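Here's the structure, in structure tokens; my notes come after.
The values are calculated or read from the model by the stated rules, or taken from the named source; none is laboratory data. All figures in this text were calculated on a predicted structure; none of them were measured in a lab. Here Cβ is always computed from backbone atoms with ideal geometry, including for glycine, and neighbour counts include all displayed protein chains. Keep in mind that these areas ignore ligands, DNA and RNA; they rest on the heavy atoms of the full protein, side chains included. Shrake-Rupley method; radii C 1.70, N 1.55, O 1.52, S 1.80 Å.
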Amino acid sequence: MDRFVWTSGLLEINETLVIQQRGVRIYDGEEKIKFDPGTLLLSTHRLIWRDQKNHECCMAIPLSQIVFIEEQAAGIGKSAKIVVHLHPAASNKEPGPFQSSKNSYIKLSFKEHGQIEHLTQCSQSPGSEQIEFYRRLSEEMTQRRWENTPVSQSLQTNRGPQPGRIRAVGIVGIERKLEEKRKETDKNISEAFEDLSKLMVKAKEMVELSKSIANKIKDKQGDITEDETIRFKSYLLSMGIANPVTRETYGSGTQYHVQLAKQLAGILQAPLEERGGIMSLTEVYCLVNRARGMELLSPEDLVNACKMLEALKLPLRLRVFDSGVMVIELQSHKEEEMVASALETVSEKGSLTSEEFAKLVGMSVLLAKERLLLAEKMGHLCRDDSVEGLRFYPNLFMTQS
């Protein structure tokens, strides 16, 4: 491997590309080198290997450095290889990936399904990629075209490192580049989190401002119109909660869920009253996390906190319908009133589906269906389940003798 030199990978004047093969790994004798499989190019003058991910990582060896080549067939779990025997490295050799090597040969390992490309006009013989590459390399070694058409002298003299440009050499150089890239990434992440911290400080200031506005609305209720009040409430809702309950503050035990339940009762009472006293747990989850801003709440923590609402004698409670649908409702929410309202609406229209009922009463289809099913369970409604869907009718057996 100490015969390889760094190169740009560009062909020089009078040099022609013969064939190239992807997915080739290089062995230094019997040992794999630390590079991933790359693209191997055969020109009339050189063997060139380029990293498939990092195209700046490119090395080459002159064909004149090769003594002879031989094939190594594929075995069980082993790919086919070409063994390349090499002359000793010259004393004035240009820098390369390895400064020294105990081996006088390298192996080129070919994947069975690599992608091969032919760059000269000739027919392709049947066989694997390794066989074809071996055939073309043997031809170049026999023809020795690098002796008949030497490359441009001007390009030869310019292949070394240019003045003022420090070139990383070998594995150490590659590792140095990776380390510099990692430091740059860490710096960018740190700057991003600094901006995020500033944003969160500003968010707390805005929440404090929202509380101040809310207090002014209470003090001057008569001086502000109803439309302005609704608009202010929507602004306050988008600003969020001033001090959300977090695990960092209250730990991860029961105390955390107790405090979270109390906070939920405080922020959900007004929205519940506006929505008829009941909301699905999905709606609650979206509303609460929108108000909490960056301190998002997990579904599991929300459910655990909601289960404690009734035990803590808070004005809300968690209810689970027979279908498994979970809702939050006010303690003052009366089931009889809800069923009577559903019966009245269905009676007026003659019959309704859950979608039609949801549109009439202004609630989600999920809650509308649960309300109709509850009225059916109590005997006030009956159903017609057909290909057109589920439709509810007043139960005439209960209303007419």
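The residues HIS87, HIS333, HIS55, sorted by heavy-atom accessible surface at 1.4 Å with ligands and nucleic acids left out, run HIS55, HIS87, HIS333 from largest to smallest.
If R0 equals 22 Å, the separation of the Cβ atoms of ASN92 and ILE131 corresponds to a calculated FRET efficiency of about 0.05.
Of the trypsin sites (Lys or Arg not before Pro) found in the stretch 19-50, those in coil by DSSP whose Cβ has at most 15 other Cβ atoms within 10 Å are LYS34.
Rounded to the nearest 20, the Cβ-based charge dipole of the stretch 14-55 about its Cα centre (Lys and Arg +1, Asp and Glu -1) stands at 160 debye. The order of ARG3, ARG176 by accessible area, most exposed first and with a 1.4 Å probe, is ARG176, ARG3.
Rolling a 1.4 Å probe over the protein chains gives TRP6 an accessible area of about 20 Å². A DSSP coil position with no more than 13 other Cβ atoms inside 10 Å describes the following trypsin sites (Lys or Arg not before Pro) in the stretch 313-401: LYS313, LYS334. Go ahead and collect, in residue order, the members of the stretch 273-289 whose backbone nitrogen is under 12 Å from a label point 7 Å along the Cα-Cβ direction of SER341. Within reach of a label on SER341, which here means backbone N under 12 Å from a point 7 Å along Cα→Cβ, the stretch 273-289 contributes 273-279.
Give LYS81/LYS187; LYS32/LYS183; LYS334/LYS359; LYS107/LYS177 a once-over and call out the pairs whose C-alpha atoms are over 32 Å from each other. Long pairs (Cα-Cα over 32 Å): LYS81/LYS187.
When PHE397, PHE392 are compared by accessible area at a 1.4 angstrom probe, the order from most to least is PHE397, PHE392. Of the GluC sites (Glu not before Pro) found in the stretch 303-401, the ones in coil according to DSSP and having at most 10 other Cβ atoms within 10 Å of their Cβ are GLU388. Taking a ≥ b ≥ c as the square roots of the eigenvalues of the Cα gyration tensor, the stretch 1-121 is classed as rounded, since a/c falls below 1.5.
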